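Rule-based calculations on the coordinates, nothing more; no lab input. The shown structure was predicted, so the numbers you read here are calculated from the model rather than taken from an experiment. Please note: Cβ atoms are built from the backbone with ideal geometry, for glycine as well, and neighbour counts cover all protein chains shown.
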Amino acid sequence: MQSEDGALPVRSFIGLGSNLDRPAHQVRTALTALEGLPGCRLLRQSRLYRTPPLGPPGQSDYVNAVALLETWLAPLELLDRLQEIEWRQGRIRNGGHWGPRTLDLDLLLYGEQRLADPRLCLPHPQLRYRAFVLVPLADIAEGDLPIPGAGRLDELLRGCDPAGIEAL
Ligand code: ATP
Ligand code: CA
Ligand code: CA
């Protein structure tokens, strides 16, 4: 399929996470929202995983997943749409990093594009280090998936620690 101006779509991986207010339900609701995004098609979704929290102590476990979209949106437009979904699902940005949240949608990869915009870094800078992203990503991507600037998915998986991560 092509857009009206003939542009070809880009494959983009989105990381989903929640650790508040019925996390698995939040992630499933967000997957449905991704499915309905204009200018995008949801091609694949990983299993949902329960994962130990990162960041401030005392948080409850997260539920994480990864989705693959085919998109005709530009990277920053796609980020805007993802942030709208976060807002709709009650995300409160209080300035604190890595605090509890009803929904976090990270743009992990946008094709093989690299970008260092104040609002958007591509690939997501932490992708390469995070087992809770790499494990669900491996559900829906081949091992030779290139992560620009970081190598291939299978190499990164070998270097990460999947302790405590379990499929729901
Ligand atoms: P982390 O990015 O380490 O996973 P976080 O998801 O908790 O942390 P947020 O508070 O959700 O961080 O996002 C902070 C800002 O990061 C967003 O407002 C957004 O502009 C910016 N950002 C930069 N690169 C990306 C990306 N690849 N995907 C999503 N947001 C990004
Ligand atoms: Ca995040
Ligand atoms: Ca985020």
Inset, instruction - In whole Hz, with x marking every Gly and Pro, tabulate ³J(HN,Hα) for segment 36-42 from phi via Karplus 6.51 cos²θ - 1.76 cosθ + 1.60, θ = phi - 60°. - result: x, 5, x, x, 9, 10, 7
Inset, instruction - Have a look at Ala167, Leu68, Tyr110 and report the one farthest towards the positive end of the charge dipole of the chain, computed about the Cα centre with Cβ charges (Lys/Arg +1, Asp/Glu -1). - result: Ala167
Inset, instruction - Please sort by residue number the trypsin sites (Lys or Arg not before Pro) in segment 88-168 whose DSSP state is loop and whose Cβ has at most 12 other Cβ atoms within 10 Å. - result: Arg93, Arg114, Arg119
Legend entry - segment 139-150 - phi-based ³J(HN,Hα) in whole Hz, Karplus 6.51/-1.76/1.60, Gly and Pro as x: 4, 10, 10, 6, x, 8, 4, x, 10, x, x, 10
Legend entry - Leu145 long-range amide H proximity, modeled H, under 5 Å: Leu153, Asp154
Inset, instruction - Work out, step by step, the length gained on full extension between Ile92 and Arg47: first 0.36 nm times the residue separation, then minus their alpha carbon distance; give nm to one decimal. - result: 13.6 nm
Legend entry - Taking the chain and dividing mean pair separation by its residue count, relative contact order in percent (alpha carbons under 8 Å, at least six apart): 27
Inset, instruction - Quick one: grab Rg to one decimal and Dmax as a whole number for the chain, Cα atoms only, in Å. - result: 15.2, 50
